[in-house]
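Novice: Structure provided below as structure tokens; questions to follow.
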Amino acid sequence: MNPNLRLAPPAVVVAVAMLVGGCAAAGAEEMNPALKELAAAASREGGMTLGWGQSALGGSQGAARFQAAMNKTFGTNIRITFLPGPDMARVVNQVATEFTAGQKAHVDLVLGAAPQIAPVVKVNFFEPVDWTRYLPGRITADMTELDGKVIRIATGLSGVTYNSQLAPMQPRVLDDFLRPEWKGKIASTPYAAGLDVLLADDVWGKQKTVTYVRALTKQIAGMTRCGETERIATGEYLALVMDCTGQDALLWQEKGAPVAQLMPLDAAQQRYYYFAIPKNAQHPNAAKLLAIFLLTPEGQAQVYDAWKIDLHFMPGSKMGALIADYQKRDVKFKEVTVQWWSQHPEIDASRSELIKILTTKE
């Protein structure tokens with residue numbers, strides 16, 4: 001892991017100059033009544049707290065850019081406090097625990113994908129929101145799940161991140177990483193990212209997945225978290241089988257690193273990242289306003305700039321173009337939504353077994 005991330009301060013207060021005058025006023029005038037009311041309520045709250053890893057949505061730098069652009073767009077004066085956090089699952093579970101204990105949430109906006117969101121749905125701590133009324137035509141009902149309790153903000157593609165310069169061969173399917181030339185040169189995650197989806201009855205199923213993961217453990221040299229792509233870039237590991245989603249590969253490519261992502265023909269996955277407002281949020285209106293901003297055309301551009309993914313079915317989406325290109329090459333994606341995950345309890349039932357196999361090499 002990048003040592004700078006370990007040494008990040010417990011709270012980074014994002015400070016920007018106030019954007020006033022014509023641009024802010026113009027943005028406010030274009031808002032419909034529901035959005036104006038929300039922006040006014042968010043302004044009264046005056047701030048919000050966000051918390052996720054520095055590799056997600058640009059971390060603290062991304063939060064600073066979002067703050068400036070949101071305030072300019074809506075004519076607000078909202079300050080974001082950013083808490084560099086652990087992985088998404090830990091943040092989601094902590095907010096669920098705080099809700100159960102009757103405490104205020106330490107963050108106002110929860111970020112997660114189906115593996116983090118679906119297991120805590122039963123706690124019922126997300127606020128249902130009628131998102132479509134704020135940006136009608138832009139935000140549509142099919143962008144939300146759980147009756148408006150979660151909203152999609154970006155599409156990620158799960159595959160394999162690998163070092164394109166040092167790779168011993170051009171991989172095409174997951175079985176390629178069981179070949180002898182990869183032995184001792186690859187890593188996996190300690191939480192079975194990507195591999196867990198294969199457990200579903202309509203993907204690989206438990207028997208085939210467990211058999212594969214047992215074989216994979218004989219190939220791996222160690223464990224790494226998603227977001228530690230510098231370890232692939234430097235050649236410490238030649239591949240991460242599998243990754244969470246592949247935007248880190250694009251971020252490192254921009255730095256000139258020989259990193260690429262494979263969409264395995266036998267295991268390609270398309271998943272969403274969601275925002276949810278905790279019922280125990282201290283600044284719920286400001287959090288809603290930020291989520292809405294990030295779904296505007298400018299907001300989606302900023303999401304892509306910070307994270308190298310956006311929502312693939314939005315007009316002009318870069319992820320949409322990438323997915324279309326993959327589909328031309330006969331890549332077929334399994335769409336991983338919160339609803340789909342919830343309909344496949346066999347994933348959570350067997351996920352711990354995969355994790356045990358990976359981490360103990362039993």
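The values are calculated or read from the model by the stated rules, or taken from the named source; none is laboratory data. Not measured: the values here are computed from a predicted model. Don't worry about glycine lacking a Cβ; one is built from the backbone with ideal geometry, like all the others, and counts go over all protein chains shown. Each accessible area value is taken on the protein alone, full model and side chains, heavy atoms only, with ligands, DNA and RNA left out. Shrake-Rupley method; radii C 1.70, N 1.55, O 1.52, S 1.80 Å.
Novice: Does Gln165 fit the bill of being open to solvent by 50 Å² or more (accessible area, probe 1.4 Å) and either of a type in the set (A, V, I, L, M, F, W, C) or not in a strand (DSSP E or B) (or both)?
Specialist: Judged against the criteria, Gln165 is a match.
Novice: Which one of the conditions (1) within 20 Å of Ala291 (Cα to Cα); (2) without any contact (Cβ under 8 Å) to a residue 24 or more places away in the chain; (3) loosely packed, with under 15 Cβ neighbours inside 10 Å does Thr132 fail to meet, given that it meets all the rest?
Specialist: (3)
Novice: Then there is this: Specify which of the listed residues (Thr234, Thr217, Thr229) is among the polar types (S, T, N, Q), in contact with a Phe, Trp or Tyr (Cβ under 8 Å, 6 or more places away or on another chain) and farther than 21 Å from Thr337 by Cα.
Specialist: Thr229
Novice: Further question on the same structure: Only residues that are touching a Phe, Trp or Tyr at 6+ places or on another chain (Cβ under 9 Å) and either farther than 29 Å from Glu37 by Cα or part of a loop (DSSP other than H, G, I, E, B) (or both): list them for the range 122-139, please.
Specialist: Listed by number, the residues that qualify are Val123, Asn124, Phe125.
Novice: So if I check each of Val203, Val210, Val197, which one is in a helix (DSSP H, G or I), closer than 28 Å to Trp52 by Cβ and β-branched (Val, Ile, Thr)?
Specialist: Exactly one of Val203, Val210, Val197 is in a helix (DSSP H, G or I), closer than 28 Å to Trp52 by Cβ and β-branched (Val, Ile, Thr), namely Val197.
Novice: Checking Gly246 against (1) of a type outside the set (Asp, Glu); (2) in contact (Cβ under 8 Å) with a residue 60 or more places away in the chain; (3) touching a helix residue (DSSP H, G or I) at 6+ places or on another chain (Cβ under 7 Å): exactly one of these is not met. Which one?
Specialist: All conditions pass for Gly246, except number (3).
Novice: Also: Restricting to helices (runs of 4 or more DSSP H) lying wholly in the range 33-121: which have 1 or more residues that are within 30 Å of Gln343 (Cβ to Cβ)?
Specialist: Those helices (runs of 4 or more DSSP H) span 88-100, 114-117.
Novice: Turning to a different aspect of this structure: Taking the options Ala239, Ala200, Ala215, Ala249, name whichever one is within 11 Å of Thr161 (Cβ to Cβ) and at pLDDT 95 or above.
Specialist: Only one candidate passes the filter, namely Ala239.
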